[in-house]
1. Does V41 fit the bill of being of a type in the set (A, V, I, L, M, F, W, C), outside any loop (DSSP other than H, G, I, E, B) and outside the structural domain of N126 (by TED's automatic domain parsing)?
2. How do the pairs read when you match residues in segment 29-48 that are under 12 Å from I14 (Cα atoms) and in contact (Cβ under 8 Å) with a residue 12 or more places away in the chain with residues anywhere that are of a type in the set (S, T, N, Q) and not in a helix (DSSP H, G or I), using Cβ under 8 Å and keeping only pairs 6 or more apart or on different chains?
3. Please give the number of the condition E135 fails out of (1) at pLDDT below 95; (2) assigned to a helix (DSSP H, G or I); (3) closer than 13 Å to Y60 by Cα.
4. Please go through segment 80-130 and pick out each residue that is of a type in the set (A, V, I, L, M) and exposed (fewer than 12 other Cβ atoms within 10 Å of the Cβ).
5. Could you say which residue among S62, S50, S70, S94 is more than 27 Å from E18 (Cβ to Cβ) and polar (S, T, N, Q)?
Amino acid sequence: MSNSITVFSNDNSIVTFENKKGVQFALSAEGALFKGGAALVALKDAALLSAYNKARDGKYRSAADVIGASFPSTTKAFEKIIGSAWANKSAMCSFLSAVERAEPGKSGYSKKQNEAKGFVAYLRENVPSLAANPEDAFTINA
């Protein structure tokens, strides 16, 4: 196996979560990953917040990776035709549009896809550079 991770900084990341009894815990991000359950849910929430903050600052890779994990076939097709979804604002906006237009599977959208669609909507509403501009849209009939 050739898995790897690139660390850009050595920040301590602590995830805080509650169990079913309402008792609060704090774990490292790595510990939360392995604990699972409520800790993993809290870690995912923290990851979404991080991806949002980076997108707000013009760094789209994390957001594109989160969304792309939920829509792998859309992501693959997009990358084949356009290239990297996170390369710049224009590419990211086009990628978000592609995800918004993605058709559901036979049994509808999966839970992960619904979460990603919600994240796309949140990005569109809260990151001005990623806002949808319907007046700029056009259709090509081929």
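1. Details: of a type in the set (A, V, I, L, M, F, W, C): yes; outside any loop (DSSP other than H, G, I, E, B): yes; outside the structural domain of N126 (by TED's automatic domain parsing): yes.
Judged against the criteria, V41 is a match.
2. Listed by first residue and then by second, the contacts come to A29/S13; A42/T16; A46/S13.
3. Every listed condition holds for E135 apart from (3).
4. I81
5. Numbers: S62 fails: more than 27 Å from E18 (Cβ to Cβ); S50 fails: more than 27 Å from E18 (Cβ to Cβ); S70 fails: more than 27 Å from E18 (Cβ to Cβ).
When all the criteria are applied, what remains is S94.
The values are calculated or read from the model by the stated rules, or taken from the named source; none is laboratory data. Just so we're clear, the structure is a prediction, and the values are computed from it rather than from any experiment. In this analysis, Cβ positions are derived from the backbone assuming ideal geometry, glycine residues included, and neighbour counts consider all displayed protein chains.
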